[in-house]
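Since the structure comes first, as structure tokens, the remarks are kept for the end.
The values are calculated or read from the model by the stated rules, or taken from the named source; none is laboratory data. A quick note: this is a predicted structure, and the numbers were derived from the prediction, not measured. In case anyone asks, the SASA skips ligands and DNA or RNA and just uses the protein heavy atoms, side chains included. Shrake-Rupley method; radii C 1.70, N 1.55, O 1.52, S 1.80 Å.
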Amino acid sequence: MNDLEILTNKLWWFIENEDQSMIVNDTLENINNKAHMDWRSRSPGYDTKEELVEVLKIQEKPCKKCGRIFDTGYHNFGLEMIERGLCFKCLFWEKKKEIKDRHDVVRINGTHYQIAKDDPNAHFKGFGGREFKILFKDGRRVITHNLWCQGNIPDRFRDELPDNAVFFD
């Protein structure tokens, strides 16, 4: 099957629960009309909804944290997602909660960062090696040229991952 056939045949499925949805495959026209849904796969599609659920390992119960329907078929953390009942995104932020008190973890203005070793010979550095001056709420001051960003902390995790620092000049 070529790309045009994939995009014009309805081979993908739309799965939903009370207030969340996941698009797993659909026609290009329908995808364009459903911009609020997730594009999850570029597979050629599935003959039945049951096959799709089995192959992608779509869980019967939604994520315990956000309520989204989620699949575990393409994730390295699939088994842990199943065991903990969490989608990939919520598992990612739960793991950030587990390290939130480490000295290299920085949260500023609702964004999560980690400080890596400040090695002048490193080939890859966060933010291209730009200098950051960080003042932690406990009084520590850190200057780094290797800060890595993990993204904006979702609202549902903000109370559990509050800011612990500010940038200073």
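A few points about this structure:
- Heavy atoms of His75: accessible area, 1.4 Å probe, square angstrom to 10: 50
- Across the range 86-97, coupling constants 3J(HN,Hα) worked out from phi with the 6.51/-1.76/1.60 Karplus curve, θ = phi - 60°, read 10, 5, 4, 5, 5, 4, 3, 6, 5, 5, 5, 4 Hz, and Gly and Pro carry x.
- Potential lengthening of the chain between Arg141 and Asp101 amounts to 12.8 nm, from the contour at 0.36 nm per residue minus the alpha-carbon distance.
- With all protein chains modelled, accessible area of Glu94 [1.4 Å, Å²]: 30
- The range 69-169 - percent of accessible surface contributed by carbon and sulfur, probe 1.4 Å: 51
- Other-chain or far-sequence residues with amide H under 5 Å of Lys100's (modelled H): none
- A cut-off of 5 Å between modelled amide H atoms, ignoring neighbours fewer than 5 places along the same chain, links Ile58 with Thr72.
- Averaged over its residues, the range 44-169 has an accessible area of 62 Å² per residue, based on protein heavy atoms and a 1.4 Å probe.
- If you wrap the Cα atoms of the range 107-169 in a convex hull and average its projected area over all directions, you get 4.5 nm².
- The order of Asp71, Asp119, Asp159, Asp138 by accessible area, most exposed first and with a 1.4 Å probe, is Asp159, Asp138, Asp119, Asp71.
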